[in-house]
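Okay, so here's the structure we're looking at.
No lab work stands behind these numbers, since they all come straight from the coordinates. Nothing here was measured: the structure is a model prediction, and the numbers come from that model. Cβ atoms come from the backbone with ideal geometry, glycine included; neighbour counts cover every protein chain shown.
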Amino acid sequence: MKQALSLFFLIILLGSCATVNKYSSNLNIPRNQQDLKSDIDFAYRKLQKLHPKLYQYISKEDLDFKFDSLKASIKAPMSANDFYFMLSPVIASIKQGHTRLLPDNKKLKIKDIFTEVENHRSSLYQFEYVLLDDKLYISKNIYGDPGIKTGTELLSVNNIKPSELISKYRPTFSSDGFNQTFIDHKLGSDFPEWFYIKHDIEDSVVCKMKYNDSIQTITLRELEPGERKISSEKKVEMKSARASKYLTKKLSFLDADSSIAIIDIDNFYEDNYFKFYRNTFRLLDTLNTKNLILDLRDNPGGETRDAKDLYSYLMDTSFVFVEKSELTSATSILTANYFKGNPTSVKILLAILSPFELISRGKAASLIEQDPADNKYYLPFPESMSSRCSHYNYKENLYVLIDGGTFSAACILAANLKGSERALFVGEETGGSYNGTVAGKMKTITLPKSKLNLIFGLANFQPHYQTDIEGRGIFPDIEMEPTLEDIINGQDPALNWILDDIKRKQSANSIK
C-alpha cells in the first residue's frame, strides 16, 4: 500500500512538471492584437457576469472607458508578460483586493515551491523586508548571514534597484478600496516574489547593501538545509511552534503572573484552530488573565469560520459574524473552481473526492434566495447565522494590533471587534476594508489567448458591523507605525504602547 501511494504521488509530481514545461514553452510567444483584444473582452464579460461588487469603488462608465482605452492602445503583437503590465492596472482599478490578474511567473515547479520558497533556501527568501519611504530594508534575518543586520537597506539585486521593480508592480494590484497601507506592505514583504517572477529563482544573487553609511556588495547564495544559520529570534519562534503544535497561532505571556497574554495569529488557515482557541481561553480563564493582546498584524486572512470561532471567545452575547453574502445570480457560486488550474494527475485525485464537493455545492445552491426588496441573490453562509459566545469567553481588557498587512477574514474579525467597541486598536489602518470583501468561493479563469489567469471572489462578505467611511480599513484608536530606528533596535512601538498603557491603568487602580 505504501509503495502504491508513493507511485501515485510520483505520477502527480511528474504530471505537474510536464504541465509546467508545456506552459513555460509558450511564455515569450507574441500574441497578435486581435487575440489580446479578445482576451480583454473575455475578462470583462466574466467579471460582469460573476463579480457581485464590480462597481463598488469605480463607476461602470469609468471602468468601461478603461477597458475600451486599453483595447485601443494595443497596436502591435506582444508577449503575455508585456500584456500583463497593460491589463493588470485596469483590473486593479476595480479596487477589490482579491481580484487580480496573476503575473506570468513560469508556474514554479512543485519541487521549486517546496525547496526554494517554503523552506526559505533561495537567496532572497532568507530575509523579510519592509518598505519605508520607498526604500527597501531587511526587517528580519531568518536564515541568512548573521553579519547582515536588520535595518540594512537593499540598494540593488544583480544591478536591479528595488525601486525599479516596486514602481513597475505597484499599479498591478490593489487593496479593498482606497487605502494604501496594504499595497506598501505587499510591495515590501513580497519583494522576493516580484524579483523571481521576472528573473527566476537563481543559485545566487549579487546584492549591494547599505547599513548606516557603510555600503558593501554581498553574494547571497542558496543554502543547503544543513547549513542554514537560523537566527536566535527564529529559533524561539520554531521552538514555540513545536511546543504548542500550532504553526500559525501562538499564545505567550508577557509577565511573571500571567496577567498579560498575547495571541499572535499569522493567518486563519490552520485546520485544528478550534483546539487552539479552546485550550487557550480555558487557560486564560484558569489563570485569571486580565489583559489580552490580539496580534493581527500581517495576517492576510483565510477561513471566516476560523475567525468566527475566535470571535466567539471574545464576545459575551450572541452575535452574527457576517451578513448574508451577495451573489450575481442563483448559480454563480456553483462556478467556483474545483478542477481548474491543476494538472491531469491532480484532477484524478480531486475527482475521487468530487462527490463530497458536489454535495456541498448542492446544499449551498438550495440556500440561495432572492430578496424581493432589491431582486439580488444572497447566500447565508454558516458564519451569517446567529451564534452563541463560547463557554470560556474572555471578558477582560482586550487590545488589538493591526497594520496594512491585516486583510480579508482578519479585517472582518477586526471590524466586528471595532464596531462592538470590544477592544482598543493600536497600529495602522488595515489593508482590507472595514465593510467587507469579495472573496469566499474563488473563481480563476484562464484568458484563452494570453493564458494569463484572472482570479476573483464570487461572494461579498460583509461583517455585521459597518462604517459610513466607504473604501477604507479599520483605523486604530492609537496610530503607531515602526520607524527605521525601531527596526534596527528591534523595537515594537505599538506593543510597547500597549504595555505602557496597561501599567498606567494598573497604577491608576492601585491609587484608587
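Which of the trypsin sites (Lys or Arg not before Pro) found in region 238-327 are in a DSSP loop and have at most 14 neighbouring Cβ atoms, other than their own, within 10 Å?
Listed in order of number, the matching sites are K245.
If I take R0 = 51 Å and measure r between the Cβ atoms of E421 and F65 in this structure, what FRET efficiency does the formula 1/(1 + (r/R0)^6) give, to the nearest 0.05?
According to the calculation, E is roughly 0.75.
If I stretch the segment between K290 and N496 completely, what's the gain in nm (0.36 nm per residue apart, minus their alpha carbon distance), one decimal?
Working it through step by step, the gained length comes to 72.4 nm.
Could you give the length gained by full extension between S510 and R45, i.e. 0.36 nm per residue of separation minus their alpha carbon distance, to one decimal place?
Value of the extension gain: 160.9 nm.
Using 0.36 nm per residue of separation minus the Cα-Cα distance, give me the extension gain between L283 and K503 in nm, one decimal.
Contour length minus Cα-Cα distance gives 76.9 nm.
Please quote Rg/Rh for region 125-172 to two decimal places, taking the Kirkwood radius as Rh and restricting both calculations to Cα atoms.
Computed over Cα atoms, the ratio is 0.99.
Give me the net charge for the shell around S390: Cβ to Cβ below 11 angstrom, other residues only, Lys and Arg +1, Asp and Glu -1.
Around S390, the charge tally is +1.
Rounded, prolate or oblate: which one fits region 27-94, using the alpha carbon gyration tensor with axes a ≥ b ≥ c (rounded when a/c is under 1.5, else prolate when a/b beats b/c, else oblate)?
Judged from the Cα gyration tensor, region 27-94 comes out prolate (a/c at least 1.5, a/b above b/c).
Please sort by residue number the chymotrypsin sites (Phe, Trp or Tyr not before Pro) in region 132-209 whose DSSP state is loop and whose Cβ has at most 16 other Cβ atoms within 10 Å.
Loop-located and lightly packed - F178.
Report the paramagnetic label zone for R221: residues of region 140-177 whose backbone N is under 18 Å from a point 7 Å from Cα along the Cα-to-Cβ axis.
Residues 143-148, 158 fall inside that zone.
Which distance in nm do the two modelled labels at Y269 and D190 give, with both placed 7 Å along the Cα-to-Cβ direction?
So the label points at Y269 and D190 sit 1.3 nm apart.
In region 255-333, what chymotrypsin sites (Phe, Trp or Tyr not before Pro) fall in a loop by DSSP, with at most 15 other Cβ atoms inside 10 Å?
For chymotrypsin sites (Phe, Trp or Tyr not before Pro) across region 255-333 that sit outside H, G, I, E and B with at most 15 neighbouring Cβ atoms in 10 Å, the list reads Y269.
Quickly work out the Q33-to-T483 label distance, labels modelled 7 Å from Cα along the C-beta direction, and quote it in nm with one decimal.
The two pseudo-label positions are separated by 5.4 nm.
For region 353-506, what is the relative contact order in percent, using Cα pairs closer than 8 Å and at least 6 residues apart in sequence?
The normalised contact order for region 353-506 reaches 19 percent.
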